[in-house]
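A.B. asks: Could you have a look at this structure, given as structure tokens, before my questions?
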Amino acid sequence: MIHIRPRVHDAIKSLNEKLGNNYDADVLYPIETEAEYLTNCRYVVGEDENKNALFSETPQYTWDQISTELGLLRSDFDNKEYQRTREVNYPSIQEQLDLQYWDKINGTNTWQEAISKVKSDTPKPEGD
């Protein structure tokens with residue numbers, strides 16, 4: 001699975017969830033500044049009779065709201081790097097079940113060793 005660092009559209013979605021809104025936006029990236037946000041993000045406010053999107057003249061969220069939410073999302077994303085690294089290093093569920101089966105048959109602990117190795121190679125940061 002590919003993980004992409006949160007972007008403006010993610011901040012809009014998160015704010016929608018927190019504030020009970022349902023705003024959608026057409027976003028052209030990159031957006032890292034207020035000027036880029038005001039130029040490259042258009043909020044959808046409806047559609048015309050031909051099902052073409054109609055856009056608001058003003059943003060539904062301020063740049064302060066977006067940049068604050070984006071900061072929170074990116075901080076959370078960055079703090080979970082170890083989880084994404086572990087995710088790709090763990091054996092697949094099928095492989096883990098096979099290891100567990102053969103451990104039971106042979107009286108071994110290869111599954112536990114495999115999982116412990118991933119955890120020790122990519123430790124959880126302190127405080128998590």
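A.B. asks: Roughly speaking, what is the stretch gain from N50 to Q83, that is 0.36 nm per residue apart minus the C-alpha to C-alpha distance, in nm to one decimal? Walk me through the numbers on the way to the answer.
C.D. replies: On the way: separation 33, 0.36 × 33 = 11.88 nm, distance 4.53 nm.
Answer, rounded to one decimal: 7.3 nm.
A.B. asks: How much length would be gained if the chain were fully extended between D98 and S116, taking 0.36 nm per residue of separation minus their Cα-Cα distance, in nm to one decimal?
C.D. replies: 4.8 nm
A.B. asks: Rg and Dmax of segment 35-128, using alpha carbons, in Å: what are they?
C.D. replies: Cα radius of gyration and Dmax of segment 35-128 are 23.9, 69 Å respectively.
A.B. asks: Could you give me D for segment 8-79, from Stokes-Einstein at 10 °C and 1.306 mPa s, where the hydrodynamic radius is the Kirkwood radius over C-alpha pairs? Units µm² s⁻¹, please.
C.D. replies: Numbers: Rh = 12.8 Å.
After rounding, the answer is 124 µm²/s.
A.B. asks: If R0 is 25 Å, what FRET efficiency do you get for K124 and K18 from their C-beta distance, rounded to 0.05?
C.D. replies: On the way: r = 27 Å, r/R0 = 1.09.
For R0 = 25 Å, the calculated efficiency reads 0.40.
A.B. asks: Something else about it: By Kyte-Doolittle mean hydropathy of at least 0.5 and Cα axial length of at least 30 Å, which whole DSSP H helices of the chain are selected? Please list the in-between numbers first.
C.D. replies: Details: long enough: none.
Membrane-span-like by this rule: not one helix.
FYI, it's all coordinate maths here, none of it is from the lab. Please read these numbers as outputs of a predicted model, since none were measured by experiment. Glycine gets a Cβ as well: all are built from the backbone with ideal geometry, and neighbour counts include every protein chain shown.
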